[in-house]
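Heads up: the structure comes next, in structure tokens.
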């Protein structure tokens with residue numbers, strides 16, 4: 001009965017049921033009056049007893065009604081105000097109800113989910129824009145295109161991985177640049193050594209030519225001397 005009254009019955013049925021129980025509680029006074037007239041010797045005690053019972057029953061009914069009707073409505077209104085203020089994270093109660101409160105809380109839940117999806121879409125668009133900007137800088141050989149602003153939620157891993165990959169590429173390019181510089185320096189040294197060796201060979205060839213010419217002159221002189229003798 002309490003479950004039906006609290007979670008299932010529409011608000012009109014709740015107040016109708018509440019009115020009937022209050023009428024029943026109030027009617028106990030008339031029962032007490034009738035019994036007091038039927039038994040005059042105990043009339044006052046009977047009348048007071050039924051009046052007390054009627055009053056206690058009314059208090060009990062109103063307390064239960066306040067707990068089962070007013071509390072869900074008040075809590076729902078408070079949560080609705082928070083939702084209107086932008087609080088989409090706090091839980092929404094009473095969604096298992098099928099009464100008017102349940103209908104309102106289900107609508108609030110759907111509204112909250114819609115806001116979450118819209119907010120998430122905006123977040124995704126901002127993240128995509130930042131990633132595109134960083135990738136554009138990287139495409140222009142800017143190895144300092146690190147994304148410094150943290151991303152929300154699970155997107156932070158993507159930012160961290162991008163920066164880590166960028167750092168790896170930057171370190172690799174630095175090593176390649178250093179290796180290229182070493183190769184260029186080695187090539188220059190080899191070219192210089194080759195040029196020096198070529199110059200030495202040319203000088204040696206020239207010296208040999210001079211020596212050969214000198215030997216030829218000496219041989220010719222000796223031949224002439226021998227012929228004259």
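The values are calculated or read from the model by the stated rules, or taken from the named source; none is laboratory data. Every value quoted in this text rests on a predicted model; they were computed, and no experiment measured them. Because the Cβ atoms are built from the backbone with ideal geometry, glycine has one as well, and the counts that use them run over all protein chains shown.
What the table shows:
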read-out: Lone qualifier among 75, 132 - being assigned by TED's automatic domain parsing to the domain that holds residue 11 and closer than 21 Å to residue 12 by Cα; value: 75
read-out: Residue among 34, 86 that is over 30 Å from residue 153 (Cα atoms) and modelled with pLDDT under 85; value: 34
read-out: For residue 127: the one exception among (1) touching a helix residue (DSSP H, G or I) at 6+ places or on another chain (Cβ under 6 Å); (2) under 30 Å from residue 10 (Cβ atoms); (3) part of a helix (DSSP H, G or I); value: (2)
read-out: Identity of the residue in segment 136-153, assigned to a helix (DSSP H, G or I) and at pLDDT 80 or above, that ends up nearest to residue 168 (Cα to Cα); value: 137
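Every residue, every condition in (1) touching a helix residue (DSSP H, G or I) at 6+ places or on another chain (Cβ under 7 Å); (2) touching a residue at least 40 places away in the same chain (Cβ under 8 Å); (3) assigned by TED's automatic domain parsing to the domain that holds residue 115; (4) in a helix (DSSP H, G or I), yes or no:
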{"residue": "12", "(1), (2), (3), (4)": "no, no, yes, yes"}
{"residue": "16", "(1), (2), (3), (4)": "no, no, yes, yes"}
{"residue": "24", "(1), (2), (3), (4)": "no, no, yes, yes"}
{"residue": "33", "(1), (2), (3), (4)": "yes, no, yes, yes"}
{"residue": "36", "(1), (2), (3), (4)": "yes, no, yes, yes"}
{"residue": "59", "(1), (2), (3), (4)": "no, no, yes, yes"}
{"residue": "70", "(1), (2), (3), (4)": "no, no, yes, yes"}
{"residue": "91", "(1), (2), (3), (4)": "no, no, yes, no"}
